[in-house]
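These notes concern the structure reproduced below.
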Amino acid sequence: MANRESRWRLFLFILCVVHLAVAGEAFGEEKFQRATVVEPFLEIHTGPAVGYPIFYVAEKGEEIRLLKRRTDWYKVRLSNGKEGWVNRREIELTLLAQGRQKNFMERFYDDHVAGRLIMGWGVGTFGGDPSLYVRADYPLNETIRTEVVATFVAGDQGSTQIYGGGIVILPYRGRWLSLSATMGAGVVKSIPSDLLINATRDTSPEAHAGIGLSIPLVRNLFLDGEFRNFTVFTSTDNTQEFQEYNLGLSFQF
Amino acid sequence: MGRRVLTTVMAIVLLAGWGAAALAENLPQSEEPVIKPETSEQELSEAKIDTESLELGAFYGAYSMDGFGTTGVYGFRLAYHLTEDVFFEGTYAVTRFDQSTFQQLTGRSLVADDQVVYWNVDAGYNLFPGQIFLTRRKTINSTIFLIGGLGQTSVDRQDQFTFNAGTGFKLFITDWLDIRLDFRLHAFQSDLTGKNEMTYNLEDTASIGFFF
């Protein structure tokens, strides 16, 4: 009797678990937020980048669920079960219509960064030693940009770091090539190797001028080559000249 | 007594669930409203949308030390995807310095500690995002990327400033799971061969990564 009762209770328990699990699943579906497409149509890509093909087009009035976000792309599920990725700027009207606010970062990005800010990095030689640079350029107008650069040099006697800024003038911007001239100033920090005795860390001001060229590769990516001449003011009456040759990549946001 | 209460509770849970389901099914379907309101009843919250821009990966491969042998290498990567094109990635890896040939020839060891550790911080660019047809119907997303940066390599407990550059190929099994192949060149100054010179070390690795 007791045995039958416990078996019955076990059966009831399993049924309860299954029941709650199914209910949970249905509830889980609800955790994704819904939105109704406001744009005339939405292009649905297979992945979160423009390079991934468009495999479906959602229409105005269609209900979508927002599954997740990666960089500037939203993964959506359509009412027919299809899932794909939509760019934020394409779905913006829909999101705003549902009461979503553009946050500060997105507003800043859309107004000042997208299509403007350029970031670059590459390798080269500085005074014969291998070097690496990272730079950011911000265009003031069609022909003038401001620039900040950090250069790291690995020498036999220790390493050198150069932090500088300046302006870049683009006298020629063609489809296949653009030319630039740059000048600016900064500081040179020399960090001697631990093996050297009596060597001290030193910071000196520098001024530089250079010329460069840039070749568009794909989409927003460029191949850059540059020559710069550095004058380092090591002491009040002493200067040193260094030549830098660089090759690198840059991209525009 | 306790058992009976438990049984009753379970029965109530089941009955309540079924009852609600039955009621929901029998509810009269509301007709299309004459005027559809422009705004939706549910306000969208960005915070409720799961953001996946970080990628964690583990890799294994071969590291070929310039002038010496090739050994296994393993490590971890953590990437932050800034835009669809650009990502930043930190790597930590461990490999071994193969001095077996040197030991055979000279009968002594070149370095006391043959473990080599490196870390680096890189910037990457997704050069060719696209799709690959595995069969006529089954496609998967892929990308070919360029990557490069700087870091440190520790050989015989001496840290060397290291540049690295290379290319890689990534296949997305799902949206959040990927496998990738990397071909990388690590360049650093070394005096292990007798004179202090730039060494160029090749590395091929395979990794598995997931977005979170």
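Can you tell me which residue among A:Tyr74, A:Tyr56 is buried (at least 19 other Cβ atoms within 10 Å of the Cβ) and at pLDDT 85 or above?
Working: A:Tyr56 fails: buried (at least 19 other Cβ atoms within 10 Å of the Cβ).
Just one listed residue meets the conditions, A:Tyr74.
All conditions in (1) under 16 Å from A:Val168 (Cα atoms); (2) without any contact (Cβ under 8 Å) to a residue 12 or more places away in the chain hold for A:His208, with the sole exception of (2).
When B:Leu56 is tested against (1) farther than 24 Å from A:Leu249 by Cα; (2) at the interface with chain A (Cβ under 10 Å from one of its Cβ atoms), exactly one condition is not met: (2). For segment A:182-196, the criterion of being more than 24 Å from B:Gly151 (Cβ to Cβ), β-branched (Val, Ile, Thr) and in a strand (DSSP E or B) is met by at least one residue.
Here's the yes/no breakdown for (1) assigned to a strand (DSSP E or B); (2) exposed (fewer than 14 other Cβ atoms within 10 Å of the Cβ); (3) within 18 Å of the chain's Cα centre (by Cα):
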position	(1), (2), (3)
B:Leu110	no, no, no
B:Asn120	yes, no, yes
B:Asn126	yes, no, yes
B:Leu146	yes, no, yes
B:Thr162	yes, no, no
B:Gly168	yes, no, yes
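Please find, within segment B:191-212, the residue that is nearest to the chain's Cα centre (by Cα) out of those that are within 9 Å of chain A (Cβ to nearest Cβ) and free of Cβ contacts under 8 Å to residues at least 60 places away in the same chain. Per the criteria, the residue is B:Met198.
Is at least one residue of segment A:97-109 in a loop (DSSP other than H, G, I, E, B) and more than 10 Å from every other protein chain (Cβ to nearest Cβ)?
Within segment A:97-109, the first condition is being in a loop (DSSP other than H, G, I, E, B), and the residues that meet it are A:98-103.
In the following step, the residues that additionally are more than 10 Å from every other protein chain (Cβ to nearest Cβ) were identified as none.
Among the residues of segment A:97-109, not one is in a loop (DSSP other than H, G, I, E, B) and more than 10 Å from every other protein chain (Cβ to nearest Cβ), which makes the answer no.
If you go through segment B:160-191 and keep only what is under 23 Å from B:Ser142 (Cβ atoms) and of a type in the set (Val, Ile, Thr), you end up with B:Thr167, B:Ile173, B:Thr174, B:Ile179. Per the listing A:Thr94, A:Thr125, the residue uniquely crowded, with 18+ Cβ neighbours inside 10 Å and either within 30 Å of A:Gly166 (Cβ to Cβ) or in contact (Cβ under 8 Å) with a residue 12 or more places away in the chain (or both) is A:Thr94.
Kindly provide the set of residues from segment A:52-96 that are in a strand (DSSP E or B) and among the aliphatic types (A, V, I, L, M), ordered by number. Scanning segment A:52-96 gives A:Ile54, A:Val57, A:Ala58, A:Ile64, A:Leu66, A:Leu67, A:Val76, A:Leu78, A:Val86.
Residues in segment B:183-191: is at least one in a strand (DSSP E or B) and within 17 Å of B:His81 (Cα to Cα)?
Initial filter on segment B:183-191 (in a strand (DSSP E or B)): B:183-190.
Pick out the ones that are also within 17 Å of B:His81 (Cα to Cα) and you get none.
Checking segment B:183-191: not a single residue is in a strand (DSSP E or B) and within 17 Å of B:His81 (Cα to Cα).
Report whether or not B:Lys195 is crowded, with 20+ Cβ neighbours inside 10 Å and basic (Lys, Arg). No: the conditions fail for B:Lys195.
Within segment A:208-230, being in a strand (DSSP E or B), among the charged types (D, E, K, R) and within 14 Å of chain B (Cβ to nearest Cβ) holds for one residue alone: A:Asp224.
Restricting to segment A:193-246, name every residue that is among the polar types (S, T, N, Q) and either touching a Phe, Trp or Tyr at 6+ places or on another chain (Cβ under 9 Å) or closer than 30 Å to B:Pro129 by Cα (or both).
The first filter runs over segment A:193-246 and keeps only residues among the polar types (S, T, N, Q), leaving A:193, A:198, A:200, A:203-204, A:214, A:220, A:229, A:231, A:234-236, A:238-240, A:243, A:246.
If the condition is that a residue be among the polar types (S, T, N, Q) and either touching a Phe, Trp or Tyr at 6+ places or on another chain (Cβ under 9 Å) or closer than 30 Å to B:Pro129 by Cα (or both), then A:Ser204, A:Ser214, A:Asn220, A:Asn229, A:Thr231, A:Thr239, A:Gln240, A:Gln243, A:Asn246 are the ones that fit.
The numbered conditions (1) within 11 Å of chain A (Cβ to nearest Cβ); (2) in a strand (DSSP E or B) are all true for B:Tyr92 except (1). The residues of segment B:151-160 that are more than 12 Å from chain A (Cβ to nearest Cβ) and crowded, with 21+ Cβ neighbours inside 10 Å amount to a single one, B:Val155. Only a single criterion out of (1) buried (at least 17 other Cβ atoms within 10 Å of the Cβ); (2) under 30 Å from A:Ile197 (Cα atoms); (3) over 26 Å from the mean Cα position of the chain (by Cα); (4) more than 10 Å from every other protein chain (Cβ to nearest Cβ) is not satisfied by A:Ala154, namely (4). Please verify whether A:Arg100 is within 30 Å of A:Ala35 (Cα to Cα) and surrounded by 15 or more Cβ atoms within 10 Å (Cβ to Cβ), treating the condition exactly as stated. Taking the combined requirement at face value, the residue satisfies it.
Does B:Thr162 satisfy the criteria of being closer than 11 Å to B:Tyr118 by Cβ and in contact with a Phe, Trp or Tyr (Cβ under 6 Å, 6 or more places away or on another chain)? Let's see the steps before the verdict.
Details: closer than 11 Å to B:Tyr118 by Cβ: yes; in contact with a Phe, Trp or Tyr (Cβ under 6 Å, 6 or more places away or on another chain): yes.
Spelling it out, B:Thr162 is indeed closer than 11 Å to B:Tyr118 by Cβ and in contact with a Phe, Trp or Tyr (Cβ under 6 Å, 6 or more places away or on another chain).
When each of A:Phe253, A:Phe233 is tested for being surrounded by 14 or more Cβ atoms within 10 Å (Cβ to Cβ), within 14 Å of chain B (Cβ to nearest Cβ) and more than 17 Å from A:Gly128 (Cβ to Cβ), the lone residue that passes is A:Phe253. Out of B:Thr174, B:Thr205, B:Thr199, one residue alone is in a strand (DSSP E or B) and either among the charged types (D, E, K, R) or under 22 Å from B:Leu54 (Cα atoms) (or both). It is B:Thr205. Checking segment B:20-38 against the condition returns no match, with no residue being surrounded by fewer than 11 Cβ atoms within 10 Å (Cβ to Cβ), more than 30 Å from A:Trp121 (Cβ to Cβ), small (Gly, Ala, Ser) and at pLDDT 75 or above.
For the residues B:Phe163, B:Phe128, B:Phe133, B:Phe188, the requirement of being within 11 Å of chain A (Cβ to nearest Cβ) and more than 23 Å from B:Ser64 (Cα to Cα) singles out B:Phe128. The set of residues from segment A:106-165 being among the β-branched types (Val, Ile, Thr) and more than 16 Å from A:Ala209 (Cβ to Cβ) comprises A:Val113, A:Ile118, A:Val123, A:Thr125, A:Val134, A:Thr143, A:Val148, A:Val153, A:Thr160.
The values are calculated or read from the model by the stated rules, or taken from the named source; none is laboratory data. All of these numbers come straight from a predicted model, not from anything done at the bench. Using ideal geometry, Cβ is built from the backbone for each residue, glycine included, and neighbour counts are taken over all protein chains shown.
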